[in-house]
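J.: Below you will find the structure I want to go over with you.
The values are calculated or read from the model by the stated rules, or taken from the named source; none is laboratory data. Note that this is a predicted model, so its numbers are computed, not measured. When we count neighbours, we look across all protein chains shown, and the Cβ atoms used for this are built from the backbone with ideal geometry, even at glycine. For the accessible areas, the whole protein counts, side chains as well, though only heavy atoms, and no ligand, DNA or RNA atoms are used. Shrake-Rupley method; radii C 1.70, N 1.55, O 1.52, S 1.80 Å.
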Amino acid sequence: MIAFVRGNVAAVTLSSAIVEVGGVGLELMCTPGTIAQLRTGRQATLPTSMVVREDSLTLYGFADEEEKAIFELVQTASGVGPKVAQSIIAVLSPDGVRTAIATEDVKTLTKVPGIGQKGAQRIILELKDRIGAPIGATGGGAPVAAAAWRDQVHQGLVGLGYNAKDAEKAVDAVADQADAGSPDVGALLRAALRSLSKA
């Protein structure tokens with residue numbers, strides 16, 4: 001089990017980061033909010049979770065241990081695989097997930113691509129006694145340059161399965177929420193997803 005990786009960020013794509021560890025490039029599947037915090041050529045330390053399948057070994061990377069814990073916990077609910085688990089932490093902060101499950105907020109959970117009404121109810125039923133109370137941690141997403149946030153949110157939405165046109169509309173819808181000095185990509189991405197779920 002690989003608990004974390006530390007090394008120079010060799011490259012970032014829409015959905016992953018390649019971190020060089022001891023001369024080996026490890027590809028980590030990450031949420032747009034996590035990718036937004038990484039800079040090519042700079043060192044990064046990312047908590048990781050390895051998902052083993054018959055035909056693949058996939059390493060998922062996270063902004064912090066909180067995200068990793070939620071990612072691993074939600075997969076213990078029936079019907080939730082790593083892709084849906086990653087969508088959950090892309091859309092909701094760890095405390096957002098805890099709050100939604102603790103308060104049986106089906107509506108919030110169905111904002112996540114891949115989770116319908118029945119899936120949300122099943123997640124609540126199976127995890128309510130195990131998720132724990134919100135701990136007051138702020139949702140991830142380091143501040144980024146003002147011009148870059150639009151691209152990152154747009155790419156994040158496309159990576160989650162929305163088409164480019166809808167993604168563009170959602171970015172426009174949340175533009176007034178972007179802090180001119182240091183926009184929080186994670187928060188803006190969640191706001192854009194909320195605007196898409198209303199549409």
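J.: Roll a 1.4 angstrom probe over the protein heavy atoms and tell me the percent of accessible area of the stretch 144-197 that is carbon or sulfur.
T.: The value for the stretch 144-197 is 49 percent carbon and sulfur by accessible area.
J.: While we're on this one: I'd like the accessible area for VAL153, computed on protein heavy atoms only with a 1.4 Å probe and all protein chains in place. Round to 10 Å², please.
T.: 0
J.: If you don't mind, another one. Would you mind estimating how fast the stretch 65-128 diffuses translationally, via Stokes-Einstein at 25 °C and 0.890 mPa s with the Kirkwood radius over Cα pairs, in µm²/s? Don't jump to the answer; show the numbers that get you there.
T.: Working: Rh = 11.1 Å.
Estimated diffusion coefficient is 221 µm²/s.
J.: Related question: Based on DSSP H runs of at least 4 residues, each adding -39500 (n - 2.57), what is the mean residue ellipticity at 222 nm of the chain after dividing by all its residues, to the nearest 500 deg cm²/dmol?
T.: Computed mean residue ellipticity for the chain: -12500 deg cm²/dmol.
J.: As a test question: what accessible area, to the nearest 10 Å², does VAL51 have when a 1.4 Å probe is rolled over all protein chains in place?
T.: It works out to around 20 Å².
J.: Another one. With a 1.4 Å probe and every protein chain left in place, tell me how much accessible area ARG194 has, in Å² to the nearest 10.
T.: My reading of the accessible area for ARG194 is about 100 Å².
J.: Going by accessible area, probe 1.4 Å, with all protein chains left in place, what is the ranking of MET1, MET29, largest first?
T.: On the way: MET1 160, MET29 50 Å².
These residues rank, largest area first, as MET1, MET29.
J.: On average, how much accessible surface per residue is there in the stretch 144-197, in Å², for a 1.4 Å probe, leaving out ligands, DNA and RNA?
T.: 47
J.: Ok, one more. Does the chain classify as rounded, prolate or oblate by the C-alpha gyration tensor (a ≥ b ≥ c root eigenvalues; a/c under 1.5 gives rounded; else a/b over b/c gives prolate, otherwise oblate)? Kindly include the intermediate steps, with their values, before the conclusion.
T.: Working: a/c = 1.64, a/b = 1.08, b/c = 1.52.
Verdict is oblate for the chain.
J.: Test of the criteria: in the stretch 47-81, which GluC sites (Glu not before Pro) are in a DSSP loop and have at most 16 other Cβ atoms within 10 angstrom of their Cβ?
T.: Values: sites: GLU54, GLU65, GLU66, GLU67, GLU72; in loops: GLU54.
Passing both the DSSP loop test and the Cβ count: GLU54.
J.: Relative contact order for the chain: what percent, with Cα pairs under 8 Å and sequence separation of 6 or more?
T.: With pairs under 8 Å counted, the relative contact order is 18 percent.
J.: Next up: Could you sort ASP172, ASP105 by their accessible area in this structure, using a 1.4 Å probe and putting the largest first? Could the numbers behind the result be given before it?
T.: Details: ASP172 85, ASP105 50 Å².
So, going from the largest accessible area down, we get ASP172, ASP105.
J.: If you average the sequence gap of Cα pairs under 8 Å that are 6 or more apart and divide by the length of the stretch 4-61, what percent do you get for the contact order?
T.: Dividing the mean separation by the residue count of the stretch 4-61 yields 36 percent.
J.: Top to bottom by accessible area (1.4 Å), largest first, where do LYS128, LYS165, LYS111 land?
T.: Ranking LYS128, LYS165, LYS111 by accessible area, largest first, yields LYS165, LYS128, LYS111.
J.: What lysines does LYS198 reach when the alpha-carbon gap must be under 28 Å and sequence neighbours fewer than 8 apart in one chain are set aside?
T.: Excluding near neighbours in sequence, the set is LYS83, LYS107, LYS111, LYS118, LYS128, LYS165, LYS169.
J.: Note the per residue figure in Å³ for the convex hull of the C-alpha positions in the stretch 144-197.
T.: So the per-residue Cα hull volume is 62 Å³.
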